[in-house]
Amino acid sequence: MNITLNRVIKLFLVLPFVYLLSGCANYLEPFKTSPATLGTPTATNKELKSLPLPQEKIVAAVYKFRDQTGQYKQSATGTTFSTAVTQGATSILLRALEESGWFIAIEREGLSNLLNERKIIRSSRSTFGTGEEDNTLLPPLLFAGIILEGGIISYDTNVLTGGAGIRYFGAGASGQYRQDRVTIYLRAISTQSGRILKTVYTSKTVLSQMVDVGLFRFVKFKRLLEAETGFSYNEPPEICVTEAIEKAVHSLIVEGVLEGLWELKYPEELKSPAILGYVKEKELIQETDYFGNILIPSRDLGIGVAFNTQMYSGDYSESVVKPAGSLSFKYAISNQLAAGLTLSSGQLSDGKFFTTNLNSAELTGTYHLLPQYYFTPYLTMGVGVSNLVVKDRYGNQLQLKSEWAPSFSSGIGFEYLVYDLIGLNLGFSYTYYFNDEIDGLSRGNFNDYMWAGKVGLTFYPGR
């Protein structure tokens, strides 16, 4: 009975695991085919189609719009002879022009083929014509009002890479990612004067990421359990190029409308969401860095309050965490460096033999590593002086050689602007005192020192 019950229990334990593996196998199965489908629209396709209608469509010619990077695709074994981006960008641009509803695209990339076919038509009509009417004439070819030039001018690999992972007792998981970037330039040229009417450029990131989970563990003597699963995702470069080209066409249309190069069918649509949204995006991009992070004005004048926790280290072996509070003022003397004054009050104690009240004033220097970002790490250094009031376990005040303790401090922290005017701070610091009587004792070769952590808010009225 016990043997049968144990088998049933093992069966119920194994079945979910087998089902999970079979589900993962179906999900990760690489040999499953799928039927041909229509091309997936990009994120900018809807934005391109939402533009207001033109007063008159523009006849545009595209002779070539190709890869100008000359870059080959990277692989684990080195560079291959395959190009990093598509060589058919002209076809992508022609489709984007058609999708926008603003252009009449005419054939120029295969112009020689078109002219040959027209010659064949004229020759056939001339040879086999009935003579009742002039069949040798063909309608004239359309001529372009503008020529669109440009191309894919940059494909930057490994612009941003990173990853994270954890493993414990034979079980773990990890993830890695890589970000490339493709850049498109597009310009409109007047065929009558040769003047470049407008030039725009756009860029799009290409994301690749991989996640894997594994288990490697001895579950019993000479019984090893090993399991792993994972997936990788590589954003297709062709889709990214398409999205960048569609964004370039969208930008060219709106820029031309704003500068009066071409007109809307309904002038009141100049204040439509599509136009106003582009104007707002263009203003915002001026405050954005290469990685898409929004830049902010430098942190100039700051007034901060913080709640601190302090822990003493000195002649007594024990120590307890004590609360403190601080008020700080700082002013930026450069883009990254700020000078300030910090006033603080708190206690230090070992929990048994002494309690010290500290009232401190400190001149500080703060170096922000990323001053124009909402989130920035920072380093601090400072010199200060503290007034000491030391009491023993019975509450009696001890007599000290000096009630003033000069100090030197250093620390590291992080600040995040929750709102444009308020920054949330988290920091840790180390303070070394040039006085060995912080705990009421003067022993050994080293002076007393303190570890502290803080959580606070900084108000920037100048922003």
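The values are calculated or read from the model by the stated rules, or taken from the named source; none is laboratory data. What you are looking at is a predicted structure, and each value in this text was computed from that prediction instead of being measured. Glycine gets a Cβ as well: all are built from the backbone with ideal geometry, and neighbour counts include every protein chain shown. Surface accessibility is based on the protein's heavy atoms, side chains included, excluding ligands, DNA and RNA. Shrake-Rupley method; radii C 1.70, N 1.55, O 1.52, S 1.80 Å.
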Exercise. So what is the relative contact order of the range 222-343, in percent, for Cα pairs below 8 Å that sit 6 or more residues apart?
Worked result: 14
Exercise. If you roll a 1.4 Å probe over the heavy atoms of the protein chains, what accessible area per residue do you get for the chain, in Å²?
Worked result: 63
For this session: Take the solvent-accessible surface of the protein heavy atoms, probe 1.4 Å, and return the percent of it on the range 236-366 that carbon and sulfur atoms account for.
Result: 61
Problem set entry | Listed residues Lys46, Lys119 arranged by accessible area, highest first, probe 1.4 Å | Lys46, Lys119
For this session: Using only protein heavy atoms and a 1.4 Å probe, report how much of Val320 is accessible, in Å² to the nearest 10.
Result: 50
Problem set entry | Rounded accessible area of Asp436 (nearest 10 Å², 1.4 Å probe) | 20
Problem set entry | the range 286-348: mean projected area of Cα convex hull, nm² | 7.1
Seminar exercise, completed: Short to long, in 5 Å steps from zero, the percent of alpha-carbon pairs of the range 223-289 per bin is 3, 12, 16, 16, 13, 10, 7, 5, 4, 4, 3, 3, 2, 2, 1, 0
Seminar exercise, completed: So the number of lysine pairs in the range 307-463 with alpha-carbon atoms under 21 angstrom apart, 8 or more residues apart or on different chains, is 6
Exercise. Going toward the positive end of the dipole of the range 143-239, with +1 on Lys and Arg Cβ and -1 on Asp and Glu Cβ, which of Tyr201, Ser232, Phe143 do you reach last?
Worked result: Ser232
For this session: May I ask you to list, by number, the DSSP H helices of the chain whose Cα span along the axis is at least 30 Å and whose average Kyte-Doolittle hydropathy reaches 0.5 or more?
Result: 2-28, 237-258
Exercise. Can you give me the relative contact order of the range 119-253 as a percent, contacts being Cα pairs under 8 Å and 6 or more apart?
Worked result: 20
For this session: Evaluate the relative contact order of the chain (contact order divided by residue number), counting alpha-carbon pairs under 8 angstrom at least 6 apart; express in whole percent.
Result: 10
Exercise. The range 179-233: Rg/Rh from Cα coordinates, Kirkwood Rh?
Worked result: 1.62
Exercise. Taking Cα centroids, how far is the range 371-388 from the range 447-463 in Å?
Worked result: 7
For this session: Could you tell me which of Leu348, Gly382, Leu97 has its Cα farthest along the dipole of the chain towards the positive end, charges placed at Cβ (Lys, Arg +1; Asp, Glu -1), taken about the Cα centre?
Result: Leu348
Seminar exercise, completed: As a percent rounded to 5, the proportion of antiparallel DSSP bridges among beta bridges in the chain is 95
For this session: Sort 417-426, 263-272 for me by packing, meaning the mean count of neighbouring Cβ atoms within 10 Å per residue, highest on top.
Result: 417-426, 263-272
For this session: Just report the Cα centroid separation between the range 252-327 and the range 187-209, whole Å.
Result: 28
Problem set entry | Three-way shape label, the range 47-196, alpha-carbon gyration tensor, a/c 1.5 | prolate
For this session: Please say if the range 234-357 is rounded, prolate or oblate, where rounded means a/c under 1.5 for a ≥ b ≥ c the square roots of the C-alpha gyration tensor eigenvalues, and otherwise the choice is prolate for a/b larger than b/c and oblate otherwise?
Result: prolate
Problem set entry | Peptides ranked, highest mean first, by Cβ atoms within 10 Å: ranges 189-195, 429-435, 251-257 | 251-257, 429-435, 189-195
Exercise. How big is the convex hull of the Cα atoms of the range 49-122, per residue, in Å³?
Worked result: 134
For this session: Return the inverse of the average 1/r over all pairs of distinct C-alpha atoms in the range 146-248, which is the Kirkwood hydrodynamic radius, in Å to one decimal.
Result: 17.2
Problem set entry | Percent of Cα-Cα distances greater than 37 Å, calculated over the chain | 59
Exercise. How much mean residue ellipticity at 222 nm does the chain get from its helices, if each DSSP H run of length 4 or more adds -39500 (n - 2.57) and you divide by all residues, to the nearest 500 deg cm²/dmol?
Worked result: -7000 deg cm²/dmol
Problem set entry | Cβ-Cβ FRET estimate between Leu363 and Tyr394, R0 fixed at 45 Å, reported to 0.05 | 0.80
Problem set entry | Phe414-Glu268 FRET efficiency (beta carbon distance; Förster radius 35 Å; 0.05 resolution) | 0.10
For this session: Please give, to one decimal in nm, the separation of the simple spin-label points placed at Gln74 and Gln87, each 7 Å out from Cα toward the Cβ.
Result: 2.3
Seminar exercise, completed: Subtracting the Cα-Cα distance of Asn335 and Ser112 from 0.36 nm times their residue separation yields 74.4 nm
Exercise. What ranking of Met311, Met450, Met381 comes out by heavy-atom accessible area, probe 1.4 Å, highest first?
Worked result: Met381, Met311, Met450
For this session: Take the alpha carbon gyration tensor of the range 165-318, find the square roots of its eigenvalues, order them as a ≥ b ≥ c, and report rounded if a/c is under 1.5; if not, report prolate when a/b exceeds b/c, else oblate.
Result: oblate
For this session: Between Val383 and Leu424, take the C-beta separation as r, use R0 = 25 Å, and let me know the FRET efficiency to the nearest 0.05.
Result: 0.40
